[in-house]
Amino acid sequence: MDFKLPGSKLAATAAVLCFCAGGARAQTFTKSSYMRAVFAASPELKSAEESVRIADNSYFSTLIETSLPSLSLTAGAPLYGFSDLGGWEGARLNRNEVSSSAQADWNLFNSGRDMLALKSARYSKDIAELQLKQLRQGLALSALSTYYNLLLKYKLLDVARGNLRDQESQNAIAKSLYENGLQKLTDMLQSDTDLRSSQLRLAQADADYQNALVNFNSAIDRDPLSDCHLDETLNISSAPLPSPERDTAKALAQRYEILQAEINFKSSQNSYKRTLLDNLPEFRVDAFWSKNGLVTFGLPGSGAVPDPDYGVTAALNIPIGFFWQSQKSKVSSAMSAQRQTANALESGRRSVRGEVVSSRVALNLQQRSLDLAEFKTKIAKQKLELIQEQYRQGATDSIHLTQAQSDYLDSQNQYTNALYQTVLNTAQYKKSLGEPLWEMP
């Protein structure tokens, strides 16, 4: 079976339709729906989503704790003890023996410690979200690879089926020519050998297809050999890529790994400031309000007298430790951690630059390979048709025919592999730029 890319090479498309086993009851998948199914079935992704929820809750808790006053209500009553009324008694709620209080505390200033704590929680939240996106990006690339691998194996299986049909037809012609004395016995035996080889290739292609189907279904928690129906259009463009400088700048601005490394660096700077403040004198201002003997607790009576107390306090705390040696070590460690994250950021940027260049080179080379594979398929097909006609007329032997059939089969396989490899290289190129693969058209 011959595969061609219709239309201009600048926006070439190839429509692909894949039926797996019993198509009537088979579930239909598109590239996008399969990625969604992979996401839904991934325990790693579910765990990362839970990490984001934990970070969100932590940030919200820190925001409340650092921005609003803390409130508390307490109440107490004796369960067993000596009563003022005389004697030992069990649980009771006498008005003179019930204690209750309400208290509110609000930190107005603590040398910027609350602001740094809130920043730290925010950085943790941002990192969790980026880790989730980075995991989703990796799963998307894996899903695309699995999806297109199944399409590839189906196409190669279709090529093997077509080759077997051709060999069966050719074998019938060889027997007819031999029976009519127009071919030698060796030619007929060669034709039989080619037929058996074609049958073996079909069995191997079918086994490869079944393995690809198992991998496809396993990633979405389906029965390994469940039926499926894939209908997809491959958009392959050979338009020139943007300049390397533009691609590199784009990747550095939106790659999740770089964004996470930048936040890690900011977080280490924030941690250094927190460590420094924790080991410097702290001046804080707090407001408070308290009230004892709340009438809403216990039995009402004249003994529950409200007594509100409120005010503003200031305090100065000077940490000394063992002559400031422990504080010095903590600050030094925080500074080293900051330098580590700075080095990790620079290393990540270098890695991204190299990855962008490599993916561009691979995609450009693959596009050329696809053009060459298509050209070779056309030439091999024309050559096979000419030799087949000569063979029918007895003008050539089976050796030339076998070679022409082998060349055409190889060219079909090369073209099919090149077609899907170009799609995957395009996805890898987009991933190197930091474009979300699950949003690919």
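The values are calculated or read from the model by the stated rules, or taken from the named source; none is laboratory data. Since we're looking at a predicted model, the values are computed, not measured. Counting neighbours? That spans all protein chains shown, and the Cβs are built from the backbone with ideal geometry, glycine included.
Some notes on this structure:
- Residue within segment 367-374 that is of a type outside the set (Phe, Trp, Tyr) and outside any helix (DSSP H, G or I) present: no
- Residue within segment 361-377 that is touching an Asp or Glu at 6+ places or on another chain (Cβ under 6 Å), at negative phi and aliphatic (A, V, I, L, M) present: no
- Conditions (1) closer than 19 Å to residue 150 by Cα; (2) at pLDDT 90 or above; (3) small (Gly, Ala, Ser): number failed by residue 58: (1)
- Matching entry among 408, 415, 429 (being assigned to a helix (DSSP H, G or I), more than 35 Å from the chain's Cα centre (by Cα), hydroxyl-bearing (Ser, Thr, Tyr) and surrounded by 15 or more Cβ atoms within 10 Å (Cβ to Cβ)): 408
- Test result for residue 364, within 35 Å of the chain's Cα centre (by Cα), farther than 30 Å from residue 257 by Cα, part of a helix (DSSP H, G or I) and at pLDDT below 95: no
- Output for segment 190-221, where each listed residue is without any contact (Cβ under 8 Å) to a residue 40 or more places away in the chain and either among the β-branched types (Val, Ile, Thr) or assigned to a loop (DSSP other than H, G, I, E, B) (or both): 193, 214
- Residue among 253, 261 that alone is surrounded by fewer than 19 Cβ atoms within 10 Å (Cβ to Cβ), in a helix (DSSP H, G or I), among the hydrophobic types (A, V, I, L, M, F, W, C) and under 25 Å from the mean Cα position of the chain (by Cα): 253
- Subset of segment 102-159 that is charged (D, E, K, R) and within 30 Å of residue 318 (Cβ to Cβ) - its residue that is nearest to the chain's Cα centre (by Cα): 122
- Only one entry in 167, 183 is at pLDDT below 90, surrounded by 17 or more Cβ atoms within 10 Å (Cβ to Cβ) and either aliphatic (A, V, I, L, M) or part of a loop (DSSP other than H, G, I, E, B) (or both), namely 183.
- Answer from 117, 128 - the residue that is surrounded by 17 or more Cβ atoms within 10 Å (Cβ to Cβ) and modelled with pLDDT of 95 or more: 128
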